1. What number of residues within the range 60-108 satisfy the criterion of being closer than 27 Å to Glu19 by Cα, within 16 Å of the ligand (Cβ to nearest atom) and assigned to a loop (DSSP other than H, G, I, E, B)?
2. How about the range 25-54: which of its residues are part of a strand (DSSP E or B) and either more than 10 Å from the ligand (Cβ to nearest atom) or surrounded by fewer than 15 Cβ atoms within 10 Å (Cβ to Cβ) (or both)?
3. Name the pairs whose Cβ atoms lie under 8 Å apart, with the first residue in the range 1-14 and within 29 Å of Pro67 (Cα to Cα) and among the polar types (S, T, N, Q), the second at pLDDT below 90 and buried (at least 18 other Cβ atoms within 10 Å of the Cβ), and 6 or more positions between them or separate chains?
4. Output the residue which, of all residues in the range 55-94 that are polar (S, T, N, Q) and touching a Pro at 6+ places or on another chain (Cβ under 7 Å), is surrounded by the most Cβ atoms within 10 Å (Cβ to Cβ).
Amino acid sequence: METRESKMNFHTRKWVKPEDLNPNHSLFGGRLLQWIDEEAVIYAIVQLENPFVVTKFISEINFIKSPKQGDIIELGILATHFGNTSLTMRCEVRNILTREPILNIDKLVFVNLDENGKPKLHGKTAITYIKDRLNIKEITLNTPGEGPGDL
Ligand SMILES: CC(C)(COP(=O)(O)OP(=O)(O)OC[C@H]1O[C@@H](n2cnc3c(N)ncnc32)[C@H](O)[C@@H]1OP(=O)(O)O)[C@@H](O)C(=O)NCCC(=O)NCCS
């Protein structure tokens with residue numbers, strides 16, 4: 001059975017608008033990568049509890065299907081490895097209504113930095129959730145790992 005810890009969170013939803021398109025009238029790949037980079041860095045900042053985090057490495061990007069104007073897509077990120085100063089994540093993007101896959105990235109590596117921009121040990125070994133850190137009781141009926149408060 002899939003555990004709560006291994007479940008990918010699809011937090012961010014995007015509505016594909018005219019300004020996001022390429023000349024072929026489908027979603028511009030650079031726009032999607034910008035959204036993914038931002039989603040991943042926010043995930044890393046929350047997990048590592050440090051705002052000084054940078055993108056170090058992004059593995060092969062598999063663009064599976066082109067979203068069109070008006071499509072609603074959702075971005076999923078999951079931490080797959082906690083290193084000493086780094087955090088590795090996996091990314092999936094899919095159509096929110098059809099669940100058709102749009103993109104996969106196996107490895108996004110972010111590095112935890114100190115105030116001088118040098119790699120810094122983060123001391124984290126597993127995914128944690130803000131509400132657990134703050135000891136907030138569950139107040140929604142969302143499936144664990146899918147609710148907007150689960151990060
Ligand atoms: C991030 C940065 C400070 C790391 O410096 P560095 O000298 O490579 O640091 P290290 O060799 O100590 O590696 C740091 C971590 O990154 C990992 N790493 C380094 N190169 C990697 C690579 N090519 N692929 C995957 N992980 C890598 C290391 O394994 C290490 O992780 P660990 O501590 O968990 O084991 C430096 O490369 C940098 O400033 N890069 C630019 C970042 C940036 O501007 N990003 C935005 C681009 S638009």
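1. 1
2. Going through the range 25-54, the residues part of a strand (DSSP E or B) turn out to be 26-27, 53-54.
If the condition is that a residue be part of a strand (DSSP E or B) and either more than 10 Å from the ligand (Cβ to nearest atom) or surrounded by fewer than 15 Cβ atoms within 10 Å (Cβ to Cβ) (or both), then Ser26, Leu27, Val54 are the ones that fit.
3. That search, which allows pairs on different chains as well, returns Asn9/Gly145; Asn9/Asp150.
4. Of the range 55-94, the ones polar (S, T, N, Q) are 55, 59, 62, 66, 69, 80, 84-86, 88.
With touching a Pro at 6+ places or on another chain (Cβ under 7 Å) added as a condition, the list becomes 69, 85.
Values: Gln69: 14, Thr85: 17.
Per the stated criteria, the residue is Thr85.
The values are calculated or read from the model by the stated rules, or taken from the named source; none is laboratory data. Bear in mind the structure is a predicted one, so any value in this text is a computation, not a measurement. Backbone-built Cβ (ideal geometry, glycine too); neighbour counts: all protein chains shown.
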